[in-house]
Amino acid sequence: MKFTTENARIFAERGNAARAEKRRVAAATREGHAGASDPVIAVSGESYRARKLARVRAQWDRLDGVLDSLIDRGSQEGGELNPQAIDRVTGAIGRLEEVERRLSDRSTPPSIRAGAPRRQHLGLME
């Protein structure tokens with residue numbers, strides 16, 4: 001696209017309109033009365049979290065289906081599994097599990113450190 005005076009005028013009008021809209025939205029947000037038609041959506045943290053959690057769980061379900069189809073397809077073709085595809089899907093499922101755990105406020109399982117080995121008390125030999 002060649003830059004001409006006509007294009008410059010059109011883009012300047014678009015830029016000015018966008019800046020004016022940003023200022024209007026910022027002023028409405030500062031005053032605390034953003035209307036329903038405003039592009040700024042006042043969403044509470046919990047409703048966002050619930051929507052995000054539902055979306056992550058839906059993606060997880062879809063990936064479970066993809067993994068099942070990969071395994072079924074591999075078993076139907078005489079044992080020809082695609083290990084790279086399975087690895088990618090299981091990696092994506094693992095990442096979604098972590099996101100789901102954080103969104104649902106579950107803690108990680110405690111790590112168990114190996115303690116000092118117990119010494120067996122032999123007592124005195126007589």
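Please identify every one of the GluC sites (Glu not before Pro) in the stretch 45-97 that sits in a loop by DSSP and has no more than 14 other beta carbons within 10 Å of its own beta carbon. Those satisfying the criteria are Glu77, Glu80. Its Cα centre serving as origin, the stretch 43-104 has a Cβ charge dipole (Lys and Arg +1, Asp and Glu -1) of approximately 540 debye. Per-residue extension of 0.36 nm, minus the Cα-Cα distance of Ile86 and Leu53, leaves a gain of 9.5 nm for this segment. For the stretch 43-104, a Kirkwood radius taken over Cα pairs fed into Stokes-Einstein (10 °C, viscosity 1.306 mPa s) yields D = 124 µm²/s.
Computed from the coordinates by the stated procedures, all read-outs in this text should not be read as laboratory data. Everything numeric in this text was worked out from a predicted model, so none of it was measured. Don't worry about glycine lacking a Cβ; one is built from the backbone with ideal geometry, like all the others, and counts go over all protein chains shown.
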